[in-house]
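Right, one structure below, let's go through it.
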Number of protein chains: 2
Amino acid sequence: MPSTELPQQMSARRIDRPVPLRERVYQAMQELIISRQLAPGQHLVESELAEMLGVSRQPIREALQLLNSEGWVDLRPGYGAFVHAPTDAEVDQLLVVRAALEAESARLAALNADTEGVKRLRKLCAEGEAAVAADDIDSMVAANAELHRCVTELSGNQVLLDFVSQVDRRVRWYYTPIARHRGITSWQEHARLIDAIEQGDAESAARIMREHTEHTRQSYLEQRSENPEPDVAPVQVRSRRRRTAPNL
Amino acid sequence: MPSTELPQQMSARRIDRPVPLRERVYQAMQELIISRQLAPGQHLVESELAEMLGVSRQPIREALQLLNSEGWVDLRPGYGAFVHAPTDAEVDQLLVVRAALEAESARLAALNADTEGVKRLRKLCAEGEAAVAADDIDSMVAANAELHRCVTELSGNQVLLDFVSQVDRRVRWYYTPIARHRGITSWQEHARLIDAIEQGDAESAARIMREHTEHTRQSYLEQRSENPEPDVAPVQVRSRRRRTAPNL
DNA sequence: ACCTCGACTTCTGCATACAGAATACTGTAT
DNA sequence: ATACAGTATTCTGTATGCAGAAGTCGAGGT
């Protein structure tokens, strides 16, 4: 059975307030879902998750609420929690929503960004290109995510950032393999996007971002038809191991 | 102290499954927040809410999680739950996000809608115009909400519908008074929008919707500067009344 | 062999209990 | 009168217990 330790600390808090268990459980479960150790459609039994993570059912329940509200698990009242199994149609729809939100981000970024912000974008873009040149896929993916996030931050719209982040996490769940698929063209588009933002050309920025995201969606659809499902061995949740000690 | 009964039943369920307390608590609290009986910034003490609604703290906590994830309350770990107090900037940002999402809805609706759907739109539009003519503000507001929802439904994108609904509830919290402000022009815009959808003119539909939502935002800003805060007497949550019986 | 009915098991939903942290209060000293 | 320290109280976070509903399995009948 894989050891499923909860993360010790996530990010620096204002005060040395101990991070609530529910949040660590949330983080841990989200990662288990992303990594497919908790498989789509799998029934999540509270007592077994509690045992697995070494906590009581209460924080598990609260984490499940959160995961449910963000679309990671489905909660059927009186029946239980299940890892959400996205259909192809749903992923596609999610990508459409992301396209709309990111296009708006780009539009606002073009109106808002200062030279400082453009400099950050250029830097990230350079990092990404370097990663592509070095064939370092992981760095490329990371730079890509950061670049997109940076554009949304430069929009100056915090609410928009929240929504995009939420969509992004869900999309990335299915999306990660795509990145390996299309690297170089993507970064050319990024450069054009930054040019538009620098020139304050809101409409062009929005259009480029939309096309960019649309390309990503096309890649998803192609890649999807090629290899249907990754298939990772899921965690055996139904283990009857005695509760040892809080894995915290 | 106002009686704060939880709703007996919300909507028809598939099976005769009893609606979980947490959901009824969620509904009840959302309404209390919308009606300003729970005032922005107010500290929500779990035990007092539990007492008030006649349930234990557990369903309260779960409802608070949900309300938090949708932006109704802020949860400060180790400190408590507070009714979210939106700043003007945040409401404005929310309206921007809604504009983007609704414009996308209109675009997709133009591509997707069948004659059946257009018929529904025309009907709702007629209802709204009738309400305007009859000076029936409440019906007008209702028809407006339904019309917008219908457009999003016709987009055929369920994920989009979920997001728009979520944004919409939050916006409406602040937005309701606006409707009284601008009625007639709004409905002329609706008619033009439906025309564009009927003709399958996606770009026009998106543009009209964007302008439409932008007008609403302008109205909000104006109306906001006129009367800053409605001010409703908040529920006295700190009452020490003995717990009577489950208000269910 | 298949369907049906019924007891058993499992799991969720809710309530209660307890410990530690945070806040408010009170009394004292300056 | 004000600042400070120490105590008391309140509230959150977590654990545990219990009842009822849902699901499962097996025996008996067709």
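The values are calculated or read from the model by the stated rules, or taken from the named source; none is laboratory data. Because the structure is predicted, anything quoted here is derived from the model rather than measured. Neighbour counts are summed over all protein chains in view; Cβ atoms, including those assigned to glycine, are modelled from backbone coordinates with ideal geometry.
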Exercise for the section: Being of a type in the set (Asp, Glu) and not in a loop (DSSP other than H, G, I, E, B) is the filter; apply it to region A:70-101 and report the residue that is modelled with the lowest pLDDT. Expected result: A:ASP88
Handout entry: Which listed residue is away from chain B (no Cβ under 14 Å) and either outside any loop (DSSP other than H, G, I, E, B) or among the aliphatic types (A, V, I, L, M) (or both), from A:GLU104, A:GLU127
Key = A:GLU127
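Would you check if there is a residue in region A:130-141 being within 14 Å of another protein chain (Cβ to nearest Cβ) and of a type in the set (D, E, K, R)? Steps first, answer last, please.
Here is the first cut: in region A:130-141, the ones within 14 Å of another protein chain (Cβ to nearest Cβ) are none.
Looking for residues that are within 14 Å of another protein chain (Cβ to nearest Cβ) and of a type in the set (D, E, K, R), one finds none in region A:130-141, hence no.
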Handout entry: Failed condition for B:THR87, given (1) within 16 Å of DNA strand C (Cβ to nearest atom); (2) surrounded by fewer than 16 Cβ atoms within 10 Å (Cβ to Cβ)
Key = (1)
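So which of A:ASN157, A:ASN144 ends up being within 14 Å of chain B (Cβ to nearest Cβ), touching a helix residue (DSSP H, G or I) at 6+ places or on another chain (Cβ under 7 Å) and not hydroxyl-bearing (Ser, Thr, Tyr)? Don't jump to the end; show me each part of the working.
Values: A:ASN144 fails: within 14 Å of chain B (Cβ to nearest Cβ).
Residue meeting the stated conditions: A:ASN157.
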Completion exercise
Across region B:43-61, the tally of residues that are within 13 Å of DNA strand D (Cβ to nearest atom), surrounded by fewer than 19 Cβ atoms within 10 Å (Cβ to Cβ) and either of a type in the set (S, T, N, Q) or not in a helix (DSSP H, G or I) (or both) stands at 5
Practice task
Quickly run through region B:116-142 and pick out the residues that are of a type in the set (Val, Ile, Thr) and in contact (Cβ under 8 Å) with a residue 40 or more places away in the chain.
Solution key: B:VAL118, B:VAL132, B:ILE137
Exercise for the section: Test each condition in (1) buried (at least 20 other Cβ atoms within 10 Å of the Cβ); (2) more than 11 Å from DNA strand C (Cβ to nearest atom); (3) within 24 Å of A:ASP162 (Cβ to Cβ) for A:LEU64 and report the one that comes out false. Expected result: (2)
